[in-house]
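The values are calculated or read from the model by the stated rules, or taken from the named source; none is laboratory data. Bear in mind the structure is a predicted one, so any value in this text is a computation, not a measurement. Note: ideal-geometry Cβ built from the backbone for every residue, glycine included; neighbour counts use all protein chains shown. Surface accessibility is based on the protein's heavy atoms, side chains included, excluding ligands, DNA and RNA. Shrake-Rupley method; radii C 1.70, N 1.55, O 1.52, S 1.80 Å.
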Amino acid sequence: MAASITLSKFLASTTFTSSLFPPKTLPSKLPLTLKLTNRRHPKPFRFSTISAAIGVGDKLPEATFSYLDSDGEVKTTTVSELTKGKKAVLFAVPGAFTPTCSQKHVPGFVEKSGELRAKGVDTIACVSVNDAFVMKAWKEHLKVNDEVLLLSDGNGTFTRAIGCELDLSDKPVGLGVRSRRYALLAEDGVVKLFNLEEGGAFTFSSADDILKVL
């Protein structure tokens, strides 16, 4: 179910519950132990308003990606070919050659590719709304071999299908419409984990974040 639908249900249920059970006035003097109860939780609840067209439990939409092989020939692959009967990790970046993507996101998956495969991952692919020629140049620049597939979603077909467009048209570098940063884990094409970042932030879509759930 899409994240936006889940959020709507959460808000609706919260309003309904509040109307049935209005808050009561607490006594002016509250025991000290009660005041400190919430401090036992190491991680506060993170309320996110980020929405997408897919969520955990959904089937990934079919789409075609392109890439250049070692001879410079344009090749294509599909979501089905990448995920059918496989455990696949797909992660997306806002743009090739951009700082965070080049220095942290892709290198992290390259470095951890062996650990991911040892955990049963068959496919590790990076998706970006860049053309196949740019993706090949970026792959060579990063000295990536077969650890990670760098795939072009040049027209943003897959990105739009999962609702992860990121409009950067107002930026002076001319990025236009790209993809939000995310990392997802799919088994036989069904989403098991979907870590969608706010825009191009890089907080919980790393290779280590995927390894934590494997």
Within the stretch 153-184, which residues are crowded, with 21+ Cβ neighbours inside 10 Å, part of a loop (DSSP other than H, G, I, E, B) and not hydrophobic (A, V, I, L, M, F, W, C)? 153, 180, 181
Scan the stretch 54-91 for residues that are of a type in the set (Asp, Glu), open to solvent by less than 70 Å² (accessible area, probe 1.4 Å) and closer than 16 Å to residue 139 by Cα and jot them down. 69
Every residue from the stretch 144-187 that is in contact with a strand residue (DSSP E or B) (Cβ under 8 Å, 6 or more places away or on another chain) and among the polar types (S, T, N, Q): 152, 157, 159, 169, 179
Could you please tell me which pairs satisfy a Cβ distance under 6 Å, a separation of 6+ or placement on different chains, a first residue in the stretch 186-206 that is open to solvent by less than 70 Å² (accessible area, probe 1.4 Å) and part of a loop (DSSP other than H, G, I, E, B), and a second residue that is modelled with pLDDT of 95 or more and polar (S, T, N, Q)? 189/83; 197/205; 202/100; 204/195; 205/195
Determine whether the stretch 97-109 contains at least one residue that is small (Gly, Ala, Ser), surrounded by fewer than 22 Cβ atoms within 10 Å (Cβ to Cβ), at pLDDT 95 or above and assigned to a strand (DSSP E or B). no
